[in-house]
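Some notes on the structure that comes next.
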Amino acid sequence: MSYNHEKIQEKLMDVFYKEGELTKELKSHIDDCSECNSFWRDLNTIEENIPSFDLNIEVDERVIGGAFRKVGILKEKRKNIKDLALFATIASIILGCVGLLANMGYGKSIILVQIFLVIFAPLSIPFMIRQRLVKEES
Amino acid sequence: MFLEKALLEKAKLGDRESLEILLRDNYKIIYGYLLKLTTNEDITKDITQEVMVKAILNIKKFKGDSKLSTWLISIASNLYKDNLRKSNQISSMQIEELSVKDSQNVEETVINKDTVRKIEKMLLDFPYEKRMAFILKNYYNYSYEEIGTILKCPIGTVRSRLHYCIKKLRSLM
Ligand SMILES: [Zn+2]
């Protein structure tokens, strides 16, 4: 009889881990082969001697709370990046349009509009503040 | 299990309280698993928090085809691997401390303290991938298939890693 002990022992490990069945063939081999029999016994000894590592673990609320805080910060960061990307896109579109208009010969009018905006935009601030106050009151 | 499903549904809709309950329920599993891997409480706490961050961010992606704890263990395994890669300095400083605590409550009649210590020492010396497989099988009773899913490797690999561990441990007998 030329049994492949290694193969048998691999099957025994599967049985030990409940991933295989202890077939008749295996059983009779363990009974007859001292090598595999001692292997089988050792498997059980190993199981009995595996350290429990059983520490009294207590739920640390700070870890959970900290995780939620971290997520908040991460989401804020992501939002800022999104906003920045949106701003950059809109700004480049506007700049592109201005450039195109300037190229089409409207340079002078653009500069005039700019001057007009620089002078008159600050005048609208009190009006905007009033609008905001009305909004907050309602 | 039913309660977990209900809580998951709520958590996926953005209910923070449900998600908190789920994370609290699974805290000990994640922490215990990582502690067995790292044997260092500070590192374990840090990675546990990272696991929760990932879980909070990705809870909507969790399909529910496994238990939540399995999903979290899988995240923990990945983060542990990342952590190892980043810093190869996970110390075994606290092994002594751990072993003293657990050998206090073992039944001396069946269990040989010396063997437990030897096994523990060897367990910690195993390459991390083999150690993960061994811990998942021996402490959490996951099937080969589940371990394969968690560690993202074929069942054959799981099997051979476990067999490697057993053979090594047997040499201590
Ligand atoms: Zn044999």
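One table, with the values for the structure above:
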| item | result |
| --- | --- |
| Calculated from backbone phi, Karplus (6.51, -1.76, 1.60) coupling profile of the range A:68-74 in Hz, x at Gly/Pro | 5, 4, 4, 4, x, 5, 4 |
| Fluctuation leader among A:Leu22, A:Leu95, A:Leu84 - chain A, Gaussian network, Cα springs under 10 angstrom | A:Leu22 |
| GNM flexibility winner over chain A from A:Gly99, A:Gly20, A:Gly107 (Cα, springs under 10 Å) | A:Gly20 |
| Cα-projected label distance for A:Leu95 with A:Ser28, points at 7 Å along beta-carbon direction, nm | 8.5 |
| GluC sites (Glu not before Pro), loop per DSSP, at most 14 other Cβ atoms within 10 Å - longest free stretch of chain A | A:59-138 |
| Spacing of the two label points (7 Å from each Cα toward its C-beta) at A:Met104 and B:Tyr128, in nm | 6.0 |
| Chain A: most fluctuating residue of A:Ala91, A:Ala102, A:Ala121 per GNM, C-alpha cutoff 10 Å | A:Ala121 |
| Rounded to 10°, Cα long-axis angle of helix A:125-137 versus longest principal axis of chain A | 50 |
| Cβ-derived FRET efficiency at R0 35 Å, B:Leu84 paired with A:Asn44, nearest 0.05 | 0.60 |
| Cβ-Cβ FRET estimate between B:Tyr139 and A:Ile115, R0 fixed at 51 Å, reported to 0.05 | 0.10 |
| Reachable lysines from B:Lys118, criterion Cα separation under 16 angstrom, eight or more residues apart if same chain | B:Lys36, B:Lys101, B:Lys167, B:Lys168 |
| In degrees, nearest ten, helix B:155-170 long axis to first principal axis of chain B (Cα) | 30 |
| Three principal axis lengths of the protein assembly as shown [C-alpha, angstrom, descending] | 103, 44, 41 |
| Distance between modelled label sites at B:Lys60 and A:Lys135, nm, 7 Å Cα→Cβ extension | 2.7 |
| Subset of B:Lys113/B:Lys137; A:Lys77/B:Lys152; B:Lys45/B:Lys121; B:Lys67/B:Lys137; B:Lys67/B:Lys152; A:Lys75/B:Lys10 violating a 25 Å alpha-carbon distance limit | A:Lys77/B:Lys152 |
| Helix A:107-120 vs. chain A, principal-axis angle (Cα, 0 to 90°, nearest 10) | 90 |
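Only the coordinates and a few stated rules stand behind these numbers; no lab work does. For clarity, every value in this text was computed on a predicted model and none was experimentally measured. Using ideal geometry, Cβ is built from the backbone for each residue, glycine included, and neighbour counts are taken over all protein chains shown.
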